[in-house]
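Shown next, in structure tokens, is the structure this report addresses.
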Amino acid sequence: MEFQHLSVLLAEAVDAVLTNPDGIYVDCTLGGGGHAAALASRLSPAALLIGIDQDPAAIAAGRERLATAVCRVELVQDNFRNLDKILDELNIAAIDGVIFDLGVSSHQLDVAERGFSYMHDGPLDMRMNPDSKLSAADIVNNYSEAELTRIIREYGEERWAKRIAEFIVRARASAPIKTTGQLAEIIKQAIPASARRDGPHPAKRTFQAIRITVNDELNILAGALKTAIERLKPGGRIAVITFHSLEDRIAKQTLQDLAKGCICPPRLPVCVCQHQPLVKILGKPIVPSATEVANNPRARSAKLRVAEKV
């Protein structure tokens, strides 16, 4: 299946980071190459665009999509947690702009074999990098009830976490849970009918929690954002698109921390820390227009945060 992905807040993210058409830009989450292609269309032959993704399907799709780009293009199959190493290996000291489009791609959700979706029955997988060791099946079938409860409550913000974990453990006692369809049905049975009437699909939060755990999404985020900002040139910009409250909280807190000046205790009469802000936050978070949400319902919860290196 062709790598299809509708990029969210496309023009807004590219407008936000593009400060120098001859510069060096990094798309840390290449996906279907939407943001990268839009950025490349506005760069000169002197510019360099680096695309990073841990999914080989995304790299292959990006290579095809960016084949006609006039700027230089480097595509790297890796996790953005290794941004420092990637830039060092390309002999790049500083960059002009960086985009993070977080979460799961439309392609990963729509291809049943990838095991990300509760809407399409497929193997319980959810690995963004197919070579990673840990899969969703490992978590669902091997983690303790207490650990499953913690993950589903913490990463899924699911009020029925304990009950869902109980139902998973009970179901796997008779036979391993192997497919997304099986898991979605178990979750549905665990959540009382009255609670299923409103809101999103009953499995949405649990699937999110397991996917975040498989790909270690939240633990790597703050460090990657800090690295990206450290590698920006003064005046360079970072754009971060988030899709749920957990990753948005990390993005917001990280940018706010790096935008702080003095961090002395309030009781001190004068500043002694000499702490300087690394970035300034540019405006309020940008959200998709009603038209974009109508055309792409997955954009509904997206937020774009932008900051500039000082």
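General observations
- Enumeration of residues in region 68-84 that are open to solvent by less than 80 Å² (accessible area, probe 1.4 Å) and either assigned to a helix (DSSP H, G or I) or modelled with pLDDT under 95 (or both): Phe80, Asn82, Leu83, Asp84
- Hits in region 14-37 - residues which are open to solvent by 10 Å² or more (accessible area, probe 1.4 Å) and more than 30 Å from Ser132 (Cα to Cα): Asp15, Ala16, Leu18, Thr19, Asn20, Pro21, Asp22
- Residue in region 225-246 that is in a loop (DSSP other than H, G, I, E, B), open to solvent by 60 Å² or more (accessible area, probe 1.4 Å), charged (D, E, K, R) and over 28 Å from Gln208 (Cβ atoms) present: no
- Close pairs from region 53-67: first under 12 Å from Asn79 (Cβ atoms) and modelled with pLDDT of 95 or more, partner of a type outside the set (D, E, K, R) and part of a helix (DSSP H, G or I), Cβ under 6 Å, at least 6 apart: Asp53/Ile59
- Residue count for region 87-140, restricted to those that are open to solvent by less than 20 Å² (accessible area, probe 1.4 Å) and part of a helix (DSSP H, G or I): 7
- Checking each residue in region 1-37 for being farther than 20 Å from Leu75 by Cα and modelled with pLDDT of 95 or more picks out Leu9, Ala11, Glu12, Asp15, Ala16, Thr19, Asn20.
- Residues in region 38-55 that are of a type in the set (A, V, I, L, M, F, W, C) and either over 29 Å from Asn215 (Cβ atoms) or surrounded by fewer than 18 Cβ atoms within 10 Å (Cβ to Cβ) (or both): 3 in all.
- Qualifying residue in region 259-267 (condition: closer than 30 Å to Pro21 by Cβ and either in contact (Cβ under 8 Å) with a residue 40 or more places away in the chain or surrounded by fewer than 20 Cβ atoms within 10 Å (Cβ to Cβ) (or both)): yes
The values are calculated or read from the model by the stated rules, or taken from the named source; none is laboratory data. Treat the numbers as computed from the prediction; the structure is a model and nothing was measured. Virtual Cβ from ideal backbone geometry, glycine too; neighbours counted across all protein chains shown. Quick note on the areas: whole protein, heavy atoms, side chains included, nothing else; ligands and nucleic acids left out. Shrake-Rupley method; radii C 1.70, N 1.55, O 1.52, S 1.80 Å.
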